[in-house]
Amino acid sequence: MALQTETDEDLMRRVITVRDQHAFRGLVDRHKAMGMTLALRVLSDEMLAEEALQDAFLRVWRSAHTFTFNSSFKTWFYRILYNAALTKRKTESKTDDHVELDEHAAIGEDTITSSKETTQVILQSIERLPQAQQTVLTLYYLQELSLEEIGEVTGMPNGTIKTHLFRGREKLRNDVSLREYVNN
Amino acid sequence: MSTTNQHQDNQSLLDREIKAAMKLGVRVPHADFTRELMSVIAEEELSPVASRVSASRLPWTLVALGVVFLIVALLIPGSSEASSEGFSWSGSSVWTIAALGLISLLALTQTKPRFRGL
């Protein structure tokens, strides 16, 4: 069967049963970009993010037998990656240097003139959000995980996730002044 | 359009914009990422026993052995002489060379470039 038509779980089954490196490579190719983006949200450093990603994939390979198929591979992998990134941040003694979004620094409504600009503003604003909000927003919007799955990945209670999601979204809304953008 | 409906429309548009921005902001690891990772895995599979030896534990084992050999070398009285019959190997010099060999091996393992992140 071609790799493209197989689910993550199918590939994991092959990794577990016959230590299929080809199947594992398929998983790496599928998840490395999303994984890198998530690791960057936690670490804010490209080199460290890559190291955390490598570490996470190696853990998946070495501990494949511990995957029980009770959750999706995606959730399981992101939990490993999230923990690897947190550990790396701790070992690098890197303090959370993210700053809370300054209300006064919000982009004026009249600066939003095109969707491309909006995208840029959102991307810049995300970078300025606290790490926890960045992580939750990334898992929700990019990885398209449910609130329950985000809870499984991060270990955060449902209420905390909702709060991070709400606050992060509100800050982005303030920055892009989307309401005015829609009206215009 | 009612205020509530308009709010919902804005909300979903905001969500779509965030989603689109997130997708555009996806970052990929360096080009050789997969190849490097797979080569480490292939190496591990070929020598599973060697891979189980902790990279941090091995050098300390070498250091310990080197120190033991040096102590033995110091305890054995040296009797090597450069004479017309040539150099004669004493127990002490053999132990000293063994200790130096182990320390050199340690230096080699420490300077060997390793896969990033391991």
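Just a few scattered comments:
- Of the criteria (1) surrounded by fewer than 17 Cβ atoms within 10 Å (Cβ to Cβ); (2) within 12 Å of chain B (Cβ to nearest Cβ); (3) under 28 Å from A:L137 (Cα atoms); (4) of a type in the set (A, V, I, L, M, F, W, C), which one A:F69 fails: (2)
- Annotation for region A:19-35: no member residue is more than 14 Å from chain B (Cβ to nearest Cβ), assigned to a helix (DSSP H, G or I), aromatic (F, W, Y) and at negative phi.
- Here B:V26 fulfils each of the conditions (1) in contact with a helix residue (DSSP H, G or I) (Cβ under 8 Å, 6 or more places away or on another chain); (2) modelled with pLDDT of 80 or more; (3) assigned to a helix (DSSP H, G or I) apart from (3).
- B:S84 meets the conditions (1) more than 30 Å from B:I103 (Cβ to Cβ); (2) at pLDDT 65 or above; (3) not charged (D, E, K, R) in every case but one. The failed one is (2).
- Put simply, of A:W61, A:W76 the only residue that is at pLDDT 90 or above, buried (at least 21 other Cβ atoms within 10 Å of the Cβ), in a helix (DSSP H, G or I) and of a type outside the set (G, A, S) is A:W76.
- None of A:E109, A:E180 is charged (D, E, K, R), open to solvent by less than 70 Å² (accessible area, probe 1.4 Å), modelled with pLDDT under 75 and farther than 22 Å from A:R79 by Cβ except A:E180.
The values are calculated or read from the model by the stated rules, or taken from the named source; none is laboratory data. Since we're looking at a predicted model, the values are computed, not measured. Cβ atoms come from the backbone with ideal geometry, glycine included; neighbour counts cover every protein chain shown. These area figures cover heavy atoms from the full protein model, side chains too; ligands, DNA and RNA do not enter into them. Shrake-Rupley method; radii C 1.70, N 1.55, O 1.52, S 1.80 Å.
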